[in-house]
């Protein structure tokens, strides 16, 4: 324990702001009620002792002159920008009255709690769930505004939303593919693990991305891909691997649905009862020994991986047979035509990935923000299965921050009483619920840790058609931003420096976010806002715990993963289970929580949609779409190094370095449009527009333009970046879990303006 | 001419610098600088910030944290008419603000453009190698916060130290070698592929 902890003027806390579960430890230097400095806090393993430019700039959030100081009630029309200051009592009374009226008229589920990105914060998220449950409200799940397709793919393939390898395990890989992810910007912790891995064991880092990112610049190989064609690349790699007999037949047979027989007409797995009456539900394989179908779980059976046959007049093929036939169509030449990657690069990558055992894939949300983003990741997951890379050190195809291992006491928050349940609505379904009352009417909305209008797709539609249908809208935020402007009541919240919470990450740690200074002005933490609202709505008995008491509740799960944790030792420093001293590897027991118990690269549930196999479907708005004649450029919205989504967009330290929105384009596309560096341009399509300056960047693939997401709309000359996107829902994703926003699957044109 | 057992310096490993600009902000935090920073981050790539050189597939992009070089032969010290610039035995070059009259000759003399006049009182300011931290046995704040672990700080003369070890095993360069200033900041970058 360092000298600094003995000094009462230094408080240890954690910055939770949404870097995919990688929260940094922070030491705050306090003088009186002011914070003079933030610095990185120590960890038992000091490679975790960092804090980024955004975390450091949090002092500027704390002291920002534009911070919301007190509750504001709308006077005038929504969007007019006229506000009156009210007391918290009046604000909460007004909200409670309006919510009660709505619930009486439309039912309790008509109040929607739209919980955006709490980052690493748990109690601030949990308290809303508890309130929604106890009032039978609707909890709006915000996976769908960019983060749902990956979990959809995971659920379809592995039976669980999140799982993967601890990035420290990358040192055990021969090759690490960073597929459509930019950790140098979005998860610097993780980038550090990759670079350390390369230094210690020589792992080769490969980046696949439509744009030569900051991560790609530090990798050993960069492969530029057409947006939304990742499934084709993965299938193309499978074709080469299977053709060269580099696939792991043993692994596929034992641990995947590869050997299971599938009815080629219905697309469903064969079950014993399909062959014999009184038969069981057991899945069937073709037994080589007895040359007949047999249940897959019989140990004496020798399943044939690649087989087809006719049984009772119906044609059956093994799932692997179907997968390899699918992959066979994606020759390097055909794959090259689709992805714009040279065929020899595809061939070499496939052979390297499969022969240098084990190799790993790390990905995150960027690659999945296309209309068929779930298919992109399902195919990548299948590719790793074809090589037998699950459950082994140095393997995996892992999403985001990786493993989910700590079991917290969520029961208190999600199911406070037997009778307490909330309805669930995915965020993209909120549009319809507000606009047309389907699947049920939503009339009251509370936005928490989300800049809904700015960060969700099709902002113009939200402003014109969706929000006007709500009777009462509450926004909670640090600032009056794009969403607050269209709300009826705006409530001031605190920064992480002004309240306590339990923060997950960086893996393998859990940290206490410990309040450093009192909440500024009249701002309140989400916990205290809800505690106060509960009193107004007759629920005081359920909402009496303080922030710290809620943290204690969370860690009181009595689960072995939290052995030894306590509030006292969390106050001293981060908690880590001794079990995770070694990098965590998922599924070393090869037991998967799917219906078959195997890796389901073939998902029979999706057969009616033609997506049982991880197929390639072209981008919704790409060159296959006739719309490309009018709008020839693909618009993607990467993450900025200078923001966390739309947070920090108004912080002067960061604006000094990054003063205004830019659309980054390849010089080839700029030249044909007479656009020079720094020219004002309009980026537009049928849905909307954004006016901003052009930046020429050779790293951007020709045919692609990029506007870093998160700039507030008033920072554009006109419009905004999400005026260009659509809210269409992919039915396959809905069938699995939740539809995702195809942010990176949009066609636009760009032209120079005066 | 220094002839001591200590010479503090930096090794910037450009193969690990991810271009996050955290060092620039960290410097502002440590020195309570509202506008600007003693440290800048330069892009070694295309003409614009955060863009690469070349065209695909021949793209490359590195980043270069850039501040006072704490030279062996500091031109700033040589031109300062008030003797406000000193070089410590451990190599750290400092501007003693009480003695500075804001004449800005040092600003012009520095080949690295590492010195600027501050906004109030027009005192010359630059990186001081976080001398207050170093004197307490701590590393400069930029090195502590660096997300890529790309800034290595240490006593270059200590043969057993990490800095000397790195120099022994890797090729490095200094900036504007032709100026003969003998900087204490070394940059490592592999040859562009």
Any residue at all in the range B:73-87 that's over 30 Å from residue A:702 (Cβ atoms), touching a strand residue (DSSP E or B) at 6+ places or on another chain (Cβ under 9 Å) and at pLDDT below 95? no
Could you grab me the full set of residues in the range B:102-132 that are within 14 Å of chain A (Cβ to nearest Cβ) and without any contact (Cβ under 8 Å) to a residue 12 or more places away in the chain? B:132
Within the range A:599-620, can one find any residue that is closer than 30 Å to residue A:509 by Cβ and either assigned to a loop (DSSP other than H, G, I, E, B) or touching a residue at least 40 places away in the same chain (Cβ under 8 Å) (or both)? yes
Yes or no: residue B:25 outside any loop (DSSP other than H, G, I, E, B), in contact with a helix residue (DSSP H, G or I) (Cβ under 6 Å, 6 or more places away or on another chain), buried (at least 21 other Cβ atoms within 10 Å of the Cβ) and facing chain A (nearest Cβ under 9 Å)? yes
For the range A:720-729, how many residues meet the condition of being out of contact with any helix residue (DSSP H, G or I) (no Cβ under 7 Å at 6 or more places or on another chain) and either in a strand (DSSP E or B) or buried (at least 24 other Cβ atoms within 10 Å of the Cβ) (or both)? 3
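One line per residue, one yes/no per condition, for (1) farther than 24 Å from residue A:362 by Cβ; (2) surrounded by fewer than 21 Cβ atoms within 10 Å (Cβ to Cβ); (3) in contact (Cβ under 8 Å) with a residue 60 or more places away in the chain:
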{"site": "A:395", "(1), (2), (3)": "no, no, yes"}
{"site": "A:405", "(1), (2), (3)": "no, yes, yes"}
{"site": "A:417", "(1), (2), (3)": "yes, yes, yes"}
{"site": "A:439", "(1), (2), (3)": "yes, yes, no"}
{"site": "A:446", "(1), (2), (3)": "yes, no, yes"}
{"site": "A:459", "(1), (2), (3)": "yes, no, yes"}
Residues being farther than 20 Å from residue A:369 by Cα and surrounded by fewer than 16 Cβ atoms within 10 Å (Cβ to Cβ) - total across the range A:610-641: 4
Hey, can you tell me all the residues within the range A:268-301 that are part of a loop (DSSP other than H, G, I, E, B) and closer than 17 Å to residue A:315 by Cβ? A:268, A:270
For the range A:116-146, name all the residues that are outside any helix (DSSP H, G or I), touching a strand residue (DSSP E or B) at 6+ places or on another chain (Cβ under 6 Å) and modelled with pLDDT of 95 or more. A:137, A:138, A:139, A:140
Exactly one condition in (1) free of Cβ contacts under 8 Å to residues at least 24 places away in the same chain; (2) assigned to a loop (DSSP other than H, G, I, E, B); (3) exposed (fewer than 15 other Cβ atoms within 10 Å of the Cβ); (4) away from chain A (no Cβ under 14 Å) is not met by residue B:89; state its number. (1)
How many residues does the range B:109-163 hold that are under 16 Å from the mean Cα position of the chain (by Cα), assigned to a loop (DSSP other than H, G, I, E, B) and surrounded by 14 or more Cβ atoms within 10 Å (Cβ to Cβ)? 16
Quick check on residue A:260: is it within 14 Å of chain B (Cβ to nearest Cβ), crowded, with 23+ Cβ neighbours inside 10 Å and within 25 Å of residue A:391 (Cα to Cα)? no
Go through the range A:683-719 and report how many residues are within 14 Å of chain B (Cβ to nearest Cβ) and surrounded by fewer than 20 Cβ atoms within 10 Å (Cβ to Cβ). 3
Hey, could you check the range A:664-680 for residues that are away from chain B (no Cβ under 11 Å) and in contact with a helix residue (DSSP H, G or I) (Cβ under 9 Å, 6 or more places away or on another chain) and say which is surrounded by the fewest Cβ atoms within 10 Å (Cβ to Cβ)? A:676
Scan B:9, B:36 and give me the residue that is part of a strand (DSSP E or B) and closer than 28 Å to residue A:36 by Cα. B:9
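Each row is one residue, and each column tells you yes or no for (1) in a loop (DSSP other than H, G, I, E, B); (2) in the same structural domain as residue A:551 (by TED's automatic domain parsing); (3) closer than 23 Å to residue A:505 by Cα.
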position	(1), (2), (3)
A:383	no, no, no
A:390	yes, no, no
A:398	no, no, yes
A:403	yes, no, yes
A:413	no, no, yes
A:417	yes, no, no
Test of understanding: among A:491, A:497, A:502, which residue is touching a strand residue (DSSP E or B) at 6+ places or on another chain (Cβ under 8 Å), closer than 22 Å to residue A:21 by Cβ and part of a strand (DSSP E or B)? A:502
Which condition number does residue B:50 fail, the rest of (1) away from every other protein chain (no Cβ under 14 Å); (2) assigned to a loop (DSSP other than H, G, I, E, B); (3) modelled with pLDDT of 95 or more being met? (1)
Top-ranked residue of the range A:185-244 - restricted to ones that are assigned to a helix (DSSP H, G or I), within 20 Å of residue A:635 (Cα to Cα) and touching a strand residue (DSSP E or B) at 6+ places or on another chain (Cβ under 8 Å), ranked as farthest from the other protein chains (Cβ to nearest Cβ): A:230
Kindly provide the set of residues from the range B:53-75 that are surrounded by fewer than 22 Cβ atoms within 10 Å (Cβ to Cβ), more than 8 Å from chain A (Cβ to nearest Cβ) and under 19 Å from residue B:112 (Cα atoms), ordered by number. B:64, B:66, B:72, B:73, B:75
Go through the range A:39-69 and give me each residue that's in contact with a strand residue (DSSP E or B) (Cβ under 8 Å, 6 or more places away or on another chain), under 13 Å from residue A:17 (Cβ atoms) and within 12 Å of chain B (Cβ to nearest Cβ). A:51, A:52, A:54, A:55, A:56, A:58
Test residue A:508 against the criterion of being surrounded by 19 or more Cβ atoms within 10 Å (Cβ to Cβ), under 26 Å from the mean Cα position of the chain (by Cα), assigned by TED's automatic domain parsing to the domain that holds residue A:548 and touching a residue at least 40 places away in the same chain (Cβ under 8 Å), and give yes or no. yes
Of these, A:121, A:159, A:150, A:202, which one is out of contact with any helix residue (DSSP H, G or I) (no Cβ under 9 Å at 6 or more places or on another chain) and either on the phi < 0 side of the Ramachandran plot or without any contact (Cβ under 8 Å) to a residue 24 or more places away in the chain (or both)? A:202
Take the residues of the range A:27-56 that are assigned to a loop (DSSP other than H, G, I, E, B) and surrounded by fewer than 21 Cβ atoms within 10 Å (Cβ to Cβ): which is nearest to the chain's Cα centre (by Cα)? A:49
Take the residues of the range A:621-655 that are part of a helix (DSSP H, G or I) and closer than 30 Å to residue A:449 by Cα: which is nearest to the other protein chains (Cβ to nearest Cβ)? A:653
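The values are calculated or read from the model by the stated rules, or taken from the named source; none is laboratory data. Worth saying up front: this structure is predicted, and the values here are computed from it rather than measured. Virtual Cβ from ideal backbone geometry, glycine too; neighbours counted across all protein chains shown.
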